[in-house]
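The values are calculated or read from the model by the stated rules, or taken from the named source; none is laboratory data. All values reported here derive from a predicted model rather than from experimental measurement. For neighbour counting, all protein chains shown are included, and Cβ atoms are generated from backbone atoms with ideal geometry for every residue, glycine included. What goes into the accessible areas is simple: the full protein's heavy atoms, side chains included, and nothing from ligands, DNA or RNA. Shrake-Rupley method; radii C 1.70, N 1.55, O 1.52, S 1.80 Å.
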Amino acid sequence: EARSKGKTTDALKALMKLAPKTAVILVDGDEKTVPIDEVGVGDRFIVRPGGSIPVDGIVIEGESAVNESALTGESIPVEKQVGDRVSAATINTSGYMVCQADKVGEDTTLAGIIRMVSDAAATKAPIAKIADRVSGVFVPVVIGIAFVTFAVWNLVGQSLGYSIARAVSVLVISCPCALGLATPVAIMVGNGVGAKNGILYKTSAAQELTGKVKIVALDKTGTITTGI
């Protein structure tokens, strides 16, 4: 279970690493490199060719092609001109742009994706809720049977050790450990593997429904363009 959680955490860390740690902002016409946390809404920042866009913003000067594959899956760079939106963690491939920040920190598109993956790992799928309900009834019943087993063997004259051994045997054999653990672990592993392969689940319920999918419609680049 710890390894499964670690895989999900690794996927989130990989998403976080997409965002640059610094940004070049314009202060009274001068360029200044600052930590990403110091970029505020309304600040103007520069993105040179090959640079990663630090925060969400709007192009106010220049034009370029931006690689948004990390967020959208679209492999072909998207042309950006004055007035177009750009997103954090996307790559400026060619031109020089000056942009104005309008979403920073936890409000960026990338932060929203990271938050969505985290929330999906925390939610319970319908099958997990069923397993919890079954365990909630089955476990007390098994414990009750173990007590009855202990009492019966003790009453018929067997030793204390013998009676305890039989009661423990009932617990070990009957207690639904796998029922309580297998479902949440499978969901966590699925979330982690999905994130590593660019598949993000909004909820665990959505993840469970993917098992019933028969047809997926994709465009030429493999990006899903329509659907639920």
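Worth pointing out:
- Evaluating GLY83 against the criteria (1) under 25 Å from LYS196 (Cα atoms); (2) more than 22 Å from the chain's Cα centre (by Cα); (3) open to solvent by less than 60 Å² (accessible area, probe 1.4 Å); (4) touching a residue at least 24 places away in the same chain (Cβ under 8 Å) leaves one unmet condition, (1).
- Condition met for LYS220 (surrounded by fewer than 10 Cβ atoms within 10 Å (Cβ to Cβ), closer than 28 Å to ALA70 by Cα and modelled with pLDDT under 75): yes
- Qualifying residue in the stretch 30-47 (condition: in contact with a Phe, Trp or Tyr (Cβ under 7 Å, 6 or more places away or on another chain), of a type outside the set (S, T, N, Q) and at pLDDT below 90): yes
- Filtering the stretch 51-69 to residues that are outside any loop (DSSP other than H, G, I, E, B) and either of a type in the set (Asp, Glu) or closer than 15 Å to ASP84 by Cα (or both) leaves ASP56, GLY57, ILE58, VAL59, ILE60, GLU61, GLY62, SER64, ALA65, VAL66, ASN67.
- Search result, residues across the stretch 189-206 that are closer than 20 Å to LEU71 by Cβ and part of a helix (DSSP H, G or I): ASN191, GLY192, VAL193, GLY194, ALA195, LYS196, ALA206
- Matching entry among GLU74, GLU63 (being over 25 Å from MET16 (Cβ atoms) and surrounded by 14 or more Cβ atoms within 10 Å (Cβ to Cβ)): GLU63
- When the stretch 29-50 is filtered for residues that are in a loop (DSSP other than H, G, I, E, B), open to solvent by 20 Å² or more (accessible area, probe 1.4 Å) and in contact with a strand residue (DSSP E or B) (Cβ under 8 Å, 6 or more places away or on another chain), the ones remaining, listed by number, are GLY40, VAL41, GLY42, ASP43, ARG48, PRO49, GLY50.
- Residue within the stretch 134-141 that is modelled with pLDDT of 85 or more, in a helix (DSSP H, G or I), farther than 15 Å from SER204 by Cα and more than 44 Å from the chain's Cα centre (by Cα) present: no
- ALA131 fulfils the conditions (1) within 36 Å of the chain's Cα centre (by Cα); (2) modelled with pLDDT of 75 or more; (3) buried (at least 19 other Cβ atoms within 10 Å of the Cβ); (4) in a helix (DSSP H, G or I) except for a single criterion, (2).
- Those residues of the stretch 50-62 which are at pLDDT 90 or above, farther than 19 Å from GLY112 by Cα and not hydrophobic (A, V, I, L, M, F, W, C), in sequence order: GLU61, GLY62
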